[in-house]
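So the structure is just underneath, and the comments pick up after that.
The values are calculated or read from the model by the stated rules, or taken from the named source; none is laboratory data. No experiment lies behind these values; they were computed from the predicted model shown. So basically every Cβ, Gly included, is an ideal-geometry build from the backbone, and we count neighbours across all protein chains shown. We work out accessible area using only protein heavy atoms, side chains counted, and drop any ligands, DNA or RNA first. Shrake-Rupley method; radii C 1.70, N 1.55, O 1.52, S 1.80 Å.
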Amino acid sequence: EPSYDPAALQLKWRPVWEKLDPFRAGSAAEGAPRKYALTMFPYPSGDLHMGHAEVMALHDVLARYWWLKGYDVLNPIGWDSFGLPAENAAIKRDQHPSVYTYDNIETQAESFKRYAVSFDWSRRLHTSDPEYYQWTQWLFLKFRERGLAYRKDSPVNWCPQDQTVLANEQVVNGLCERCGAVVTKRELNQWYFKVTEYAQRLLDDMDALQDTWPSRVLAMQRNWIGRSEGAHVDFVINLADGSTRSITVFTTRPDTLPGATFMVVAADAALAAEIASPSAAADLENYLVDVRKASDIDRLATDRPKTGVDLGITATNPVNGQQIPVWASDYVLADYGTGAIMAVPAHDERDREFAEKFGLAIVPVYDEDAPYDKAEAIKSTIGSLEAAGTGSGTVNFRLRDWLLSRQRFWGAPIPIIHCGDCGEVAVPYEDLPVRLPDNISGAALKPVGTSPLAAAEDWVNVPCPTCGKPAKRDSDTMDTFVDSSWYFLRYLDPTLETGPFDPAVAREWAPVDQYVGGVEHAILHLLYARFFTKVLHDMGMLDFVEPFTALLNQGQVINGGKAMSKSLGNGVNLGDVIDEFGVDATRLTMVFAGPPEDDIDWQDVSPAGSLRFLQRAWRLSGDVTSPVGATGGDVALRRATHRTIADAEALVESHRFNVLVAKVMELVNVTRKAIDSGCGGADPAVREATETVAILLSMVAPYAAEEMWERLGHPATVARVGWPTVDPDLLVEDSVTAVVQIQGKVKARLEVPPTITDAELEALALGSEDVVRALAGAAPKKVIVRAPKLVNIVI
Ligand code: ANZ
Ligand code: ZN
């Protein structure tokens with residue numbers, strides 16, 4: 001008798017599967033319905049880790065389930081292979097970033113193959129391949145043609161250490177997320193995508209995702225988009241030189257206008273310096289030094305001590321003509337609303353703190369403890385403002401346009417040429433891709449504030465495509481979130497040379513039916529991919545507006561209740577786990593640990609237990625002695641088998657993968673008992689049960705399942721044999737307990753078939769020994785029967 005040897009099975013089956021290529025999209029039966037299963041593609045930094053092992057195990061249950069159910073499945077894999085880690089590694093190792101990138105990709109690809117994820121490897125892509133980023137550049141140009149990509153000067157978060165611009169979310173408590181340096185502000189001319197133009201649609205289209213996306217992700221998206229209804233109100237400012245100027249504020253509470261006792265403009269907005277009286281200019285200048293150090297989050301915190309500078313000028317309150325002072329402060333943000341507010345200290349907490357600190361007037365508009373119809377008051381104020389021409393109702397969004405320029409090397413070059421005469425000129429489509437030079441490496445990649453590409457003379461200097469005069473390429477590269485905003489469409493045909501994807505193929509396969517990935521992408525990646533999808537829809541290339549029909553966020557793999565980290569020394573190495581327990585036990589452990597959304601604490605799970613279970617399951621296949629195709633046999637075991645198949649389907653559909661595993665474990669136990677305590681290995685019911693175990697197990701532990709399948713006398717691969725058919729007759733429970741009552745008191749319990757009729761049950765009840773004894777000769781006046789559960793006798 002051979003023994004169960006996970007390592008040997010891994011070596012045995014991988015080449016067989018590679019030859020069979022069972023997961024190629026398009027290989028299902030003619031006319032089979034399609035499913036697109038997608039897992040967030042990895043960054044090629046290092047080898048796979050426990051997090052990958054978890055998400056891939058969960059994701060693969062669904063993908064393999066769909067194949068078994070007869071769908072044609074697209075389950076692709078690729079790499080999000082541009083980005084800083086490769087660039088930093090290249091500087092350290094004095095290499096070109098592509099070396100690190102493609103080395104790691106090979107390592108990870110090998111690991112994914114060993115991990116036996118049911119990917120269609122023919123769809124493989126890397127965003128750093130010119131064949132890919134050519135189309136990222138193409139999309140940039142198309143967006144620009146639609147007015148959705150533009151350049152502007154703007155203050156940006158600047159990391160003095162990494163010498164690069166940071167997105168807001170890369171600034172954590174005023175520090176650079178990567179290196180911890182204090183982030184400062186800097187003016188730069190940069191490229192933006194106009195996401196704000198899609199703000200309302202990004203909100204509205206979420207209605208369709210209500211039941212299929214995690215509610216917390218939807219909430220995070222809504223909050224990020226941040227829609228506020230309110231009004232723009234114009235204030236006339238009386239400047240120190242005697243002139244006037246109109247300034248607009250955004251307020252959600254126009255009804256509180258009579259209580260606006262001062263105005264505040266963002267200290268770092270250009271406006272502040274423009275309107276400041278000469279006597280306040282120096283104070284403002286000094287104040288700005290501190291302001292630039294604070295993050296937006298700090299600035300908006302209510303508990304932060306209020307600071308500011310009196311600009312030495314006044315404004316006229318449009319509803320009562322009062323002259324109110326104008327201040328500059330950091331609690332007003334330059335890039336939200338209009339960058340200026342009317343302050344109503346009686347009804348707004350931050351304004352109140354500011355007024356108290358600087359001794360400014362506090363005038364209530366209404367009694368906060370008495371009933372007050374806010375909505376009505378807002379509406380009528382907006383009416384009056386609009387009639388007087390001093391304001392109007394408006395909607396404001398927190399969402400900002402997407403800053404996509406990066407002053408780094410390892411990204412898709414922005415396909416623009418700057419010409420002294422013609423200005424900004426698009427690289428002609430036929431000249432795409434604008435390739436990254438391959439002769440820049442090591443120290444030449446060190447960040448200096450401009451992209452390393454700017455210093456690459458032979459790359460950056462080109463003739464203007466329009467006039468032919470000497471011109472310069474744009475030396476910035478695109479944010480890697482641009483690459484990942486459309487990769488799910490490139491998978492449809494990653495070698496297509498005529499476009500980013502074929503709209504006809506997109507109609508067949510997209511949108512993605514199930515997207516699986518981490519909640520760390522709950523905001524940006526998903527928002528940007530949704531934005532891209534809407535633009536492509538508007539370009540007539542897609543017939544849908546949401547890219548991901550359903551979303552599943554897996555939990556984290558933690559250890560001892562804490563995230564695994566180097567500093568805590570609680571990291572678990574995936575390679576070691578696989579070496580010790582095998583791929584199948586590792587996958588099974590991940591899936592069995594709990595609901596997919598929950599964190600997995602490595603302290604609480606048992607890969608050794610998973611391994612023992614797989615051994616038990618595998619041993620069944622050695623005990624089956626009935627021939628292939630044998631049917632019938634022990635009914636109790638058959639019922640257990642068919643019940644498991646029916647349950648498994650419902651459990652996978654509702655993503656309760658851990659319960660699925662529990663059900664398979666139960667079936668293994670029941671089958672073992674049946675073999676040992678009666679029917680023996682020759683009973684066809686044992687074959688049926690064991691084949692079912694192999695098929696269901698193939699979604700979780702593919703190597704063990706394949707080996708079982710072979711030992712049961714079948715050719716590979718169990719992954720494509722189809723979902724076992726449930727016999728509905730075997731789902732019917734074989735007996736139910738009927739209760740017999742006399743005068744409301746239980747007198748007997750009878751085991752009866754669930755299909756029993758009222759008449760049969762009545763006869764059975766009246767004839768039963770217990771009832772005859774209880775009646776003691778009394779004649780029933782009335783017998784109420786509710787087959788198969790209840791008989792009520794009245795005497
Ligand atoms: C007067 C007022 C009275 C306000 C009141 C609120 C309560 P949301 O809901 O987040 O959109 N505001 C406007 N622009 C701002 C900026 N650039 N930086 C900081 N605060 C700003 O908030 C809108 C409210 O936040 C606006 O309504 C404004 O204060 C303030 F009892 O105006 B309100
Ligand atoms: Zn020119």
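Quick one: which helices (runs of 4 or more DSSP H) sit completely within segment 440-539 and have at least 2 residues that are small (Gly, Ala, Ser)?
In segment 440-539, 503-509 are the helices (runs of 4 or more DSSP H) which contain 2 or more residues that are small (Gly, Ala, Ser).
Kindly indicate the residue of segment 596-640 that is among the hydroxyl-bearing types (Ser, Thr, Tyr), in contact (Cβ under 8 Å) with a residue 24 or more places away in the chain and open to solvent by 20 Å² or more (accessible area, probe 1.4 Å) and also nearest to Ala685 (Cα to Cα) among those meeting that condition.
Restricting to residues being among the hydroxyl-bearing types (Ser, Thr, Tyr), in contact (Cβ under 8 Å) with a residue 24 or more places away in the chain and open to solvent by 20 Å² or more (accessible area, probe 1.4 Å), the top hit is Thr631.
Assess whether Gly569 counts as being loosely packed, with under 13 Cβ neighbours inside 10 Å, more than 24 Å from the chain's Cα centre (by Cα), on the phi > 0 side of the Ramachandran plot and not charged (D, E, K, R). Lay out the reasoning, then the answer.
On the way: loosely packed, with under 13 Cβ neighbours inside 10 Å: yes; more than 24 Å from the chain's Cα centre (by Cα): yes; on the phi > 0 side of the Ramachandran plot: yes; not charged (D, E, K, R): yes.
Against the criterion (loosely packed, with under 13 Cβ neighbours inside 10 Å, more than 24 Å from the chain's Cα centre (by Cα), on the phi > 0 side of the Ramachandran plot and not charged (D, E, K, R)), Gly569 qualifies.
So which residues in segment 291-348 are under 32 Å from the mean Cα position of the chain (by Cα) and without any contact (Cβ under 8 Å) to a residue 12 or more places away in the chain?
Selection gives Ala301 alone.
Do we find that Leu202 is touching a Leu at 6+ places or on another chain (Cβ under 7 Å), in a helix (DSSP H, G or I) and either surrounded by fewer than 21 Cβ atoms within 10 Å (Cβ to Cβ) or modelled with pLDDT of 95 or more (or both) in this structure?
In short, yes.
For segment 272-304, give me the residue count where each residue is modelled with pLDDT of 95 or more, within 16 Å of ligand 1 (Cβ to nearest atom) and surrounded by fewer than 19 Cβ atoms within 10 Å (Cβ to Cβ).
Residues that pass the stated criteria total 0.
With the requirement that a residue be more than 14 Å from ligand 1 (Cβ to nearest atom) and either of a type in the set (Asp, Glu) or over 25 Å from Val265 (Cβ atoms) (or both), what does segment 340-374 give you?
Glu356, Asp369, Ala370, Pro371, Asp373
Report yes if Val736 is at pLDDT below 95 and open to solvent by less than 40 Å² (accessible area, probe 1.4 Å), otherwise no. Step through it out loud before you land on a result.
Details: at pLDDT below 95: yes; open to solvent by less than 40 Å² (accessible area, probe 1.4 Å): yes.
Answer is yes for this residue.
Considering only segment 641-718, give the helices (runs of 4 or more DSSP H) lying wholly within it that have at least 2 residues that are acidic (Asp, Glu) and touching a residue at least 24 places away in the same chain (Cβ under 8 Å). Even if it seems obvious, please write down each step before you answer.
Numbers: elements: 657-676, 684-697, 702-711.
Correct list: 684-697, 702-711.
Take Phe397 and tell me if it is within 10 Å of ligand 1 (Cβ to nearest atom), touching a residue at least 40 places away in the same chain (Cβ under 8 Å), closer than 30 Å to Lys142 by Cβ and under 37 Å from the mean Cα position of the chain (by Cα). If you could, list the steps in order and put the result at the bottom.
Values: within 10 Å of ligand 1 (Cβ to nearest atom): yes; touching a residue at least 40 places away in the same chain (Cβ under 8 Å): yes; closer than 30 Å to Lys142 by Cβ: yes; under 37 Å from the mean Cα position of the chain (by Cα): yes.
Yes.
If we keep just the residues of segment 384-399 that are under 22 Å from His525 (Cβ atoms) and buried (at least 17 other Cβ atoms within 10 Å of the Cβ), which is farthest from ligand 2 (Cβ to nearest atom)? Walk me through it before giving the result.
Going residue by residue through segment 384-399, those that are under 22 Å from His525 (Cβ atoms) are 397-399.
Narrowing further to those that are buried (at least 17 other Cβ atoms within 10 Å of the Cβ): 397, 399.
On the way: Phe397: 37, Leu399: 35 Å.
Looking at the filtered set, the residue picked out is Phe397.
Of the residues Ser228, Ser215, only one is out of contact with any Pro (no Cβ under 7 Å at 6 or more places or on another chain), farther than 22 Å from Val363 by Cα and within 12 Å of ligand 1 (Cβ to nearest atom); which?
None of the other options fit; the residue is Ser228.
Answer yes or no: is there a residue in segment 323-334 that is open to solvent by less than 50 Å² (accessible area, probe 1.4 Å), within 14 Å of ligand 1 (Cβ to nearest atom) and among the β-branched types (Val, Ile, Thr).
Yes, segment 323-334 contains at least one residue that is open to solvent by less than 50 Å² (accessible area, probe 1.4 Å), within 14 Å of ligand 1 (Cβ to nearest atom) and among the β-branched types (Val, Ile, Thr).
So which pairs qualify, if the first residue must be in segment 462-486 and under 25 Å from His537 (Cα atoms) and in contact (Cβ under 8 Å) with a residue 60 or more places away in the chain, the second must be open to solvent by 10 Å² or more (accessible area, probe 1.4 Å) and among the basic types (Lys, Arg), the Cβ gap must be under 9 Å, and the two must be at least 6 apart or on different chains?
Short answer, once both residue conditions are applied: Met478/Arg406; Asp479/Arg406; Thr480/Arg406.
Looking at Ala25, Ala8, can you tell me which residue is among the small types (Gly, Ala, Ser) and surrounded by 19 or more Cβ atoms within 10 Å (Cβ to Cβ)?
Numbers: Ala8 fails: surrounded by 19 or more Cβ atoms within 10 Å (Cβ to Cβ).
Exactly one residue qualifies, and that residue is Ala25.
Looking at Ser45, Ser98, Ser27 in this structure, which one is under 24 Å from Glu520 (Cα atoms) and of a type in the set (S, T, N, Q)?
Within the list Ser45, Ser98, Ser27, the selection yields Ser45.
Residues in segment 661-691 that are surrounded by fewer than 22 Cβ atoms within 10 Å (Cβ to Cβ) and either among the acidic types (Asp, Glu) or under 16 Å from Arg64 (Cα atoms) (or both): how many?
2
Does segment 305-319 include one or more residues that are among the basic types (Lys, Arg), more than 16 Å from ligand 2 (Cβ to nearest atom) and under 23 Å from Val363 (Cα atoms)?
yes
How many residues does segment 403-436 contain that are in contact with a helix residue (DSSP H, G or I) (Cβ under 7 Å, 6 or more places away or on another chain) and either within 16 Å of ligand 1 (Cβ to nearest atom) or part of a loop (DSSP other than H, G, I, E, B) (or both)?
Matching residues across segment 403-436 total 12.
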